[in-house]
Amino acid sequence: MKHIFSALIGLGIILSSTSFVSASSLVWNDKDAHKCIWSAGYRYSENLWKCIRPWELYTIKNNSVSTGNKRLDAMITQKIGKITQSFQKDAEWLIRELWLTGTTGYELQIDTTLVQTGNTISALVETYSYLGWAHGQSLNYTWNYDGKKNKLLFLSNIVSRKELGVISKNIENFLIQELWDNIDIDWIREGLSVKKLSNFGIFTLQTDDSGRPQFIEFHFADYQVGPHAIGMPVVKIRLGTLDIVK
């Protein structure tokens, strides 16, 4: 009986010890090189030189959605990753330099809108970030993808340089009419100059069932064609006639 009792005690010690080690390894043994505990939500900040829980300092809302195309999803995910990392770096640098503590009110919001017509997928990613300045910053990014041919569509695939010149003039006249109380014609013309193709680089497409482009919608950046007060104009063009769809 004495031997049985001793054996049971020994088994109890082994089980108890095994249980303790297992629980510890699941919860606390996931520290990184800086001893930040990932399972508790911590990561190391190169700017703050310490372990942080990001959501305790700033807010990131990523409302992105899948396009249904793996290659296109990978491109968008990579871009969103870079945007997020840049925001975190800037936010943490400001927190350090300004000696801020607790929740800062800094935020990054990412929204994705998809337009799919025929074999064409147009993805619009809209970002808004606030880092304590007079107002936040809004930036847009677009991808236009031919799902059948598995390739990106660029502006040069849609309109000629001559057609773009006509589109530019039509948009100029439209904006002058719409923004009559905030007009700076030189500002508008510079923002619509076809000499700089990036002025028209943010756009989405609508095609017919055969994949032929029917409409193109241009998204202009903050301050591109006027002051912050006018917002970020969006102008839709009917391809073929090149007139504006109001």
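Once the Cβ-Cβ distance of Arg238 and Lys195 is raised to the sixth power relative to R0 = 25 Å, the FRET efficiency obtained is 0.55.
Over the chain, dividing the summed -39,500 (n - 2.57) contributions of all DSSP H runs of at least 4 residues by the number of residues returns a 222 nm mean residue ellipticity of -11500 deg cm²/dmol.
Relative to the longest principal axis of the Cα atoms of the chain, the long axis of helix 70-97 makes an angle of roughly 70 degrees.
By other beta-carbon atoms within 10 Å, ranking Ile76, Ile185 with the fewest at the front produces Ile185, Ile76.
Dipole check for the range 38-245: with +1 at the C-beta of Lys and Arg, -1 at the C-beta of Asp and Glu, and the Cα centre as origin, the magnitude is about 900 Debye.
Helix 161-178 axis versus longest C-alpha principal axis of the chain: approximately 90°, rounded to the nearest ten.
All other residues whose Cβ lies under 15 angstrom from that of Leu152 are scored, Lys and Arg at +1 and Asp and Glu at -1, for a net of +4. Say the cut-off is 29 Å between C-alpha atoms; which of Lys89/Lys151; Lys82/Lys149; Lys149/Lys169; Lys35/Lys82; Lys35/Lys70 go over it? With Cα atoms farther than 29 Å apart: Lys89/Lys151; Lys149/Lys169; Lys35/Lys70.
Counting only Cα atoms, the size of the chain along its three principal axes is 100, 49, 26 Å, in decreasing order. Note the angle between two axes, namely the Cα long axis of helix 2-27 and the longest principal axis of the Cα atoms of the chain, as a number of degrees from 0 to 90, rounded to the nearest 10. Approximately 20 degrees, to the nearest ten.
Throughout, read-outs are computed from the coordinates displayed, never taken from laboratory work. Only a predicted model underlies this, so the values are computations on that prediction, with no experimental measurement involved. Virtual Cβ from ideal backbone geometry, glycine too; neighbours counted across all protein chains shown.
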